[in-house]
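Data block below; observations after.
The values are calculated or read from the model by the stated rules, or taken from the named source; none is laboratory data. These numbers were taken from a predicted model, which means no experiment stands behind them. A quick note on method: Cβ atoms are made from the backbone with ideal geometry, for glycine too, and the neighbour counts reach across all protein chains shown.
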Amino acid sequence: TVNPEYIKAIADLRAKGVTGKLIIGGKSMGGRVASMVADEMFAKGEIVGLVCLGYPFHPPGRPEQLRTKHLVGLKTPTLIFQGTRDEFGTKEEVATYGLSSSIEVVWLEDGDHDLKPRKAISGFSTADHLKTVAETIVAKFAQPSASSS
């Protein structure tokens, strides 16, 4: 079930003369869809990585309905940003999934599925978490030798 929109978007960017490193990804289901085409695009040298914000590891309240089968063998360097309160996959649950070593899960303290924390409880704001997301992406993918850590 490959999503042709991602492949077309990459081709359109290249046709417009965009060169250099491309990262695909998305929020929730958008990240899941991107993760399903990532290895094909990575193998072709079209992308250097994948970024998922609030990955839907399973439907809320249904941890047995995992959406992780394709993540076990994923080869694309991947960052998944997940809130520690995300009901689509908690830190404890995700730790048991046996995800590919190419995936780095970055936990955002007290964040929900939208990565939004409760500032009074955590001391973090959504802006703090988005800054962490941006800085982590730059550190992983923007360096001249984008080596996976």
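Brief remarks follow.
- In the set (1) surrounded by fewer than 20 Cβ atoms within 10 Å (Cβ to Cβ); (2) within 22 Å of His129 (Cβ to Cβ); (3) of a type outside the set (Val, Ile, Thr), the condition left unmet by Ala34 is number (1).
- Per the listing Lys44, Lys69, Lys91, the residue uniquely out of contact with any Asp or Glu (no Cβ under 7 Å at 6 or more places or on another chain), charged (D, E, K, R) and closer than 24 Å to Lys131 by Cβ is Lys91.
- Just one of the listed residues (Glu46, Glu5) is surrounded by 14 or more Cβ atoms within 10 Å (Cβ to Cβ), over 27 Å from Ser122 (Cβ atoms) and more than 16 Å from the chain's Cα centre (by Cα), and it is Glu46.
- Of all residues in the stretch 70-101 being β-branched (Val, Ile, Thr) and out of contact with any helix residue (DSSP H, G or I) (no Cβ under 6 Å at 6 or more places or on another chain), the one that is surrounded by the most Cβ atoms within 10 Å (Cβ to Cβ): Thr78
- Asp110 surrounded by 12 or more Cβ atoms within 10 Å (Cβ to Cβ), at pLDDT 95 or above, under 17 Å from Leu53 (Cα atoms) and out of contact with any helix residue (DSSP H, G or I) (no Cβ under 7 Å at 6 or more places or on another chain): no
- Val105 being without any contact (Cβ under 8 Å) to a residue 60 or more places away in the chain, of a type in the set (Val, Ile, Thr) and assigned to a helix (DSSP H, G or I): no
- Within the set Pro4, Pro56, Pro77, Pro60, the sole residue that is more than 22 Å from Val133 (Cα to Cα) and in contact with a Phe, Trp or Tyr (Cβ under 8 Å, 6 or more places away or on another chain) turns out to be Pro60.
- Residue match in the stretch 109-121 (condition: in a loop (DSSP other than H, G, I, E, B), without any contact (Cβ under 8 Å) to a residue 12 or more places away in the chain and farther than 17 Å from Met29 by Cα): yes
- Ser28, sole failed condition from (1) among the small types (Gly, Ala, Ser); (2) surrounded by fewer than 18 Cβ atoms within 10 Å (Cβ to Cβ); (3) touching a helix residue (DSSP H, G or I) at 6+ places or on another chain (Cβ under 6 Å): (3)
- Of all residues in the stretch 122-134, exactly one satisfies the criterion of being exposed (fewer than 11 other Cβ atoms within 10 Å of the Cβ) and either over 13 Å from Ile80 (Cα atoms) or touching a residue at least 60 places away in the same chain (Cβ under 8 Å) (or both), namely Ala127.
- Pair list, Cβ < 9 Å and 6+ apart or interchain, from the stretch 78-100 residues that are in contact (Cβ under 8 Å) with a residue 40 or more places away in the chain and within 18 Å of Lys116 (Cα to Cα) to residues that are in a loop (DSSP other than H, G, I, E, B) and of a type in the set (Ser, Thr, Tyr): Ile80/Tyr55; Phe81/Tyr55; Phe88/Ser28; Phe88/Tyr55
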